[in-house]
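Structure, as C-alpha cells:
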Amino acid sequence: MTLSPEQNATLLELAAALIPAGEGEPAADAVLADGVWLGRAFAAEPSLVPAVARACDQAMGLEPHDALRRLAEEHSADTRALTTLISGAYYMVPEVREAIGYPGQVPRPASLTEAVDDLDENLIGPMLASGPRYRPTPGAGAPV
C-alpha cells in the first residue's frame, strides 16, 4: 500500500505544521517533498503506512494545525504513526543532520579504559557475585 497523491500532499502540509523552519534548520515539507526520505522511513517501518494513510484522509482539506489537534484528540494511534514517520524521515535527511550537528551513527573505537568506565556495577554486580557459570564439556579431562 502506498499513499495517493492527495494523501502525500496532505502529509507534506502536516509535516510543515509539525516541523517548521527554524534557526538554520529547514522545514520538514521542504526536505521531504521529493519523497526519498519518506520512502525510506516507510521502508524501515511499513506497518506505519495504513495509520498514516488514515491520518492523511482525516486531515485532508483541513487547516494543518487544526487537523493535527483533531487527530491527536480523536485518533491518537494514527497521530503517533504520523509523527513517528515525519520525525524519523526528517532526521534521516543529511541536510538536517548537518544543521543540528549530528553526523549519524559512526563507529567510534573505545579504549579499554572507556569500556571499563562504562560498566555499571549495579547492572553487572549480581552476575559477577554469582560466580562462574559453565557446563563442563563431555569427556573433560581427557587428552586432546
Determine whether the range 98-112 contains at least one residue that is within 14 Å of the chain's Cα centre (by Cα), farther than 14 Å from Leu3 by Cβ and at pLDDT 90 or above.
-> no
Matching entry among Val31, Val49, Val36 (being over 18 Å from Tyr91 (Cα atoms), modelled with pLDDT of 95 or more and aliphatic (A, V, I, L, M)) = Val49
So Arg70, is it in a helix (DSSP H, G or I), under 24 Å from Gln105 (Cβ atoms), among the charged types (D, E, K, R) and in contact (Cβ under 8 Å) with a residue 12 or more places away in the chain = no
For Asp57, indicate whether it is in contact with an Asp or Glu (Cβ under 9 Å, 6 or more places away or on another chain), modelled with pLDDT of 90 or more and under 30 Å from Pro5 (Cα atoms).
-> yes
Go through the residues of the range 79-88 one by one and say whether even a single one is touching a Lys or Arg at 6+ places or on another chain (Cβ under 8 Å) and either part of a helix (DSSP H, G or I) or closer than 27 Å to Pro5 by Cβ (or both).
-> no
In the range 61-91, what count of residues is obtained for those that are touching a helix residue (DSSP H, G or I) at 6+ places or on another chain (Cβ under 7 Å), surrounded by fewer than 19 Cβ atoms within 10 Å (Cβ to Cβ) and either small (Gly, Ala, Ser) or more than 20 Å from Ala27 (Cα to Cα) (or both)?
-> 4
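The values are calculated or read from the model by the stated rules, or taken from the named source; none is laboratory data. Small disclaimer: the values here were computed from a predicted structure and weren't measured. Every residue, glycine as well, gets a Cβ built from its backbone with ideal geometry; the counts of neighbours run over all protein chains shown.
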